[in-house]
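Student: One structure coming up, written as structure tokens, with questions to follow.
The values are calculated or read from the model by the stated rules, or taken from the named source; none is laboratory data. A quick note: this is a predicted structure, and the numbers were derived from the prediction, not measured. Glycine also receives a Cβ, built like all others from the backbone with ideal geometry; neighbour counts cover every protein chain displayed.
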Amino acid sequence: MAGTTKEAMMGRADDEATDSFELPGVPDAFQRLWTPHRMAYVKGGQGQFKNKDECPFCVAPARPDEESLIVHRGESAYVVLNLFPYNPGHLLVCPYRHVPDYTDITPEETAEFAELTQTAMRVLRKVANPSGFNLGMNQGEAGGAGVAAHLHQHVVPRWGGDGNFFPIIAQTKAITQTLDEVRKQVADAWPAR
Ligand SMILES: [Zn+2]
């Protein structure tokens, strides 16, 4: 990918907003490109969120979907677009309860957590045609969790060659697609119950 193209694509990025941010993974150009412009997520540095008032995953459901980037609300858990995606369409499945560990959720919550993960994959396949996925939970700060205090499952769509730079969806669509638009696309494709 030519540097000029990359620079152009990253034109909207706000370096300061992301560079100081300890991302839950390996930082790369995606985070810069996808820097939000009005998201009430995490601001002013990272740190681990000890109480619910400052926990982004507790705060999000209290806000409108468009603002919180929520794509689906279930009974015990919800699905939200990651503000700092590894790839376009990177979703997070979060229980509403502020618990840190996978062993903390009840059998009922676990069932819905799994079901939402499956549906997230189906929806992403439908709207973005990924050729693979990474699923996972980082447990604890040592496990690499960006927000260790609140359990969340990553659902990351993968395309061949996306490790180098942008996958097909990004080259054709996401360059001009805002997080708002991606959110709406995924939310609209989410099956009604
Ligand atoms: Zn929380």
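Student: Of all residues in region 95-142, count the ones that are within 16 Å of the ligand (Cβ to nearest atom), in a helix (DSSP H, G or I) and among the basic types (Lys, Arg).
Tutor: 0
Student: Between a first residue in region 88-103 that is closer than 17 Å to Glu115 by Cβ and a second residue that is more than 9 Å from the ligand (Cβ to nearest atom) and charged (D, E, K, R), which pairs have beta carbons less than 8 Å apart while being 6 or more apart in sequence or on different chains?
Tutor: Pro95/Glu109; Arg97/Asp104; Arg97/Glu109
Student: A further question follows. Could you please find all residues in region 51-86 being within 14 Å of the ligand (Cβ to nearest atom) and part of a loop (DSSP other than H, G, I, E, B)?
Tutor: Within region 51-86, Asn51, Cys55, Arg63, Ser76 qualify.
Student: Cβ-Cβ below 7 Å, separation at least six or inter-chain, first residue in region 42-59 and under 14 Å from Tyr96 (Cα atoms) and at pLDDT below 90, second assigned to a helix (DSSP H, G or I) and within 7 Å of the ligand (Cβ to nearest atom): which pairs?
Tutor: From region 42-59, the pairs are Lys52/Cys58.
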